[in-house]
1. Name the residue that is surrounded by the fewest Cβ atoms within 10 Å (Cβ to Cβ), counting only residues in the stretch B:113-141 that are in contact with an Asp or Glu (Cβ under 7 Å, 6 or more places away or on another chain) and of a type in the set (Gly, Ala, Ser).
2. Does the stretch B:200-232 hold any residues that are farther than 16 Å from B:Gly291 by Cα, in contact with a Phe, Trp or Tyr (Cβ under 8 Å, 6 or more places away or on another chain) and in contact (Cβ under 8 Å) with a residue 12 or more places away in the chain, and which are they?
3. Name the residues in the stretch B:218-245 that are within 16 Å of A:Asn239 (Cβ to Cβ) and either within 14 Å of chain A (Cβ to nearest Cβ) or assigned to a loop (DSSP other than H, G, I, E, B) (or both), would you?
4. Mind checking which helices (runs of 4 or more DSSP H) fall wholly inside the stretch A:140-222 and carry at least 1 residues that are more than 14 Å from chain B (Cβ to nearest Cβ), modelled with pLDDT under 95 and within 12 Å of the chain's Cα centre (by Cα)?
5. Assess whether A:Ser167 counts as being under 23 Å from B:Glu83 (Cβ atoms), in the same structural domain as A:Arg224 (by TED's automatic domain parsing) and in contact (Cβ under 8 Å) with a residue 60 or more places away in the chain.
6. Take the conditions of a type in the set (Lys, Arg) and within 13 Å of chain A (Cβ to nearest Cβ) and apply them to B:Lys108. Does it pass?
7. Can you tell me which residues in the stretch A:226-248 are in contact with an Asp or Glu (Cβ under 9 Å, 6 or more places away or on another chain), in a helix (DSSP H, G or I) and within 12 Å of another protein chain (Cβ to nearest Cβ)?
Amino acid sequence: MFVLSMALVATLWEAYKWLGPKNGGEIFGWKVLPRSKDSLMPHVSDVLSRLTDPINPQTDELVLTGVLKAVWYSFQLVLVGFGLGLAAGLLLAVLMTRFRLAERAILPYLVVSQTVPLIALAPLLSTWSGKVEIAGWEWPQWLTAAMLGAFLTFFPIAVGTLRGLKSPPPAALELMDSFAAPWRSTLFKLRFPAAVPFIVPALKLGAAGSVIGVVVSEISIGLRGGIGRLVIENMRKSNDPPIVYTAVLGAALLGLAMAALVALADALFMRNRPKEAVA
Amino acid sequence: MRNHRIKGAVAAAVALSFVVAACGDDEGGTAATTTAAGGTTCAEVTPVKLQLQWLTQAQFGGYYAAVDQGYYEAQCLDVTILEGAVDITPQTVLANGEADFAIAWVPKALASREAGADIVDIAQVFQRSGTLQVSFADSGITSPSDFAGKNIGNWGFGNEFEVFAAMTKAGIDPASVNNVAQQFDMVGLLEGDIDAAEAMTYNEYAQVLEAINPETGELYTPEDFNVISYEEEGVGMLQDAIWADGTRLSDPAYKDVAVRFVAASLQGWSYCRDNVDACAKIVSDLSPILGLTHQTWQMNEINKLIWPAEGGVGFIDKAAWDRTAQLSQETKNLEGSTVLTKAPDEGAYTNDIVTAAHALLKELGVDINGASYAPIEVTLTEGGV
């Protein structure tokens, strides 16, 4: 199914190239239709064949190798960021479930935090490298990118989990109370299982967030090694449009890898649930 | 190290990427060495961070050459070069203390200084401006006075002041010109959106000459274009210079590091003057995407901005400095604001460091004037590979 949709995207791209105006088009005087000429919209086949070319004539290293290396590097950062964001999100959600006061105090700040533009935060956070030292351990530059991934991840997870933890019906909670179950037991035996259908979509949002956070901050601070960095590296070659798109393909691959990971988690957590139980 | 022959399936490539990444780690091992290349032993190796404006390219070739040739090491410095990126402003990084030195254009850095950043120009590496306005030969745009009514591209972000200075000098109201925000490439010109595009001699101008002319099927040639040089128009502003932290300059230890850093950097630039191809190779190996002929072209064009250096490489010429400061105060952009509101103070530049560096270089027998410098001829190829 997925391969099919990829093919569909490629076909649409080529169809637009074939039908679309070479020099862009106007609708009611607004220039909205993008130009379809090769110098701006390279053929899919050109982009793919560029992947198997060497980066330059002086090296044997293929463009594909460079892209995959960058994707792998960024993928590690995304995982770190996602992990940190997940932990922070879950912790906050539990805290907010336990204390109403915490929810009223923290939740507005969480919303505000997401309005801070990433590109403003990235250079700020990158200055921590070489300056911030925690118990003799120096803040590495890559952690900046991972932190910004976490920054976009924790919010949907915190909000989704909070909603999930509060989802058990009062009767169920009262039953636990009647057993004199400690709050911890209620949390792990009732609230968390009930929250799973809410956490899984939050994971999907969080995964997308961590990819965006890492890639954008890589572009912003120019972190060497990552796919975001490769995007700006390749952008310098404006006279070779296919190479620009190879990096974009890499970024898409990174997103797909995270999506696959979350789909796996989805299948794992939801395996024993009857379909109608999903609210 | 990078010459692994990598063939085969995608899976194999992924597996190999581990290997290559692991190999990349052993580059940092040289920092601990305490014996300088000249045979003298360093009592202490000082770590130094240099912040560039942009990614690795021949524009910064001299610094990379100084690392590669061990010139910094010989001056007992362990230099880390920090590349620029989309949101990195070198003079801000320097002012915040995250780098010891930074490369920045003079007008932009002076604007930061006026805003309170205590940074000082200690070596004016580029003596001339490399900014051009490029149009097609049939456009009829041969001087800034032809800009009126045309689509004139500029990059913004403080890179546009020469464009506006030229208009002001030619007696053209910038409002009578259709000023277009241009990407950092030449696509706008080649696609016809822009009549005259801003370009650096060493980068964007090469990009149009590396593009295929659809009418002939061959590369564009210089005859296809009209090129306006802002340096020749008399509105050139000083560009890449080495900036230091003004507060720390009162510390003799930092000042000493600055002298040695500038000396080794300028030695790197003189190496690049005499070894254009080798320098292009050094940067191309570190940043393989742009292509070797593009980097060679860039190195050659950069050399033209530096050499010959009458007052010695890096020496800050008062006349050029004053012209830059004057233009920065007089030229209004579209919003009606100027780069500077008042003349920069005396402390904005100093020739003390570069003069002391020259003395060091003379001891080493380095030619700091390049009086006999002659550029090489670089033949561009499609895409600059």
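The values are calculated or read from the model by the stated rules, or taken from the named source; none is laboratory data. This structure is a prediction, so every number in the text was calculated from the model and none was measured. As a convention, Cβ positions derive from the backbone with ideal geometry for all residues, glycine included, and neighbour counts pool all protein chains shown.
1. Top of the filtered list is B:Gly140.
2. B:Ile212, B:Asp224, B:Phe225, B:Asn226, B:Val227 - these are the residues of the stretch B:200-232 that are farther than 16 Å from B:Gly291 by Cα, in contact with a Phe, Trp or Tyr (Cβ under 8 Å, 6 or more places away or on another chain) and in contact (Cβ under 8 Å) with a residue 12 or more places away in the chain.
3. Result: B:Glu218, B:Leu219, B:Tyr220, B:Thr221.
4. Because the criterion is at least 1 residues that are more than 14 Å from chain B (Cβ to nearest Cβ), modelled with pLDDT under 95 and within 12 Å of the chain's Cα centre (by Cα), the helices (runs of 4 or more DSSP H) in the stretch A:140-222 that meet it are A:141-165, A:192-221.
5. Numbers: under 23 Å from B:Glu83 (Cβ atoms): no; in the same structural domain as A:Arg224 (by TED's automatic domain parsing): yes; in contact (Cβ under 8 Å) with a residue 60 or more places away in the chain: yes.
Judged against the criteria, A:Ser167 is not a match.
6. On the way: of a type in the set (Lys, Arg): yes; within 13 Å of chain A (Cβ to nearest Cβ): no.
No; evaluated as a whole, the condition is false for this residue.
7. A:Gly228, A:Arg229, A:Leu230, A:Val231, A:Ile232, A:Asn234, A:Met235, A:Pro241, A:Pro242, A:Ile243, A:Ala247
Per-residue answers, yes or no, for (1) β-branched (Val, Ile, Thr); (2) buried (at least 17 other Cβ atoms within 10 Å of the Cβ):
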position: A:Leu48; (1), (2): no, no
position: A:Thr52; (1), (2): yes, no
position: A:Glu61; (1), (2): no, yes
position: A:Gly83; (1), (2): no, no
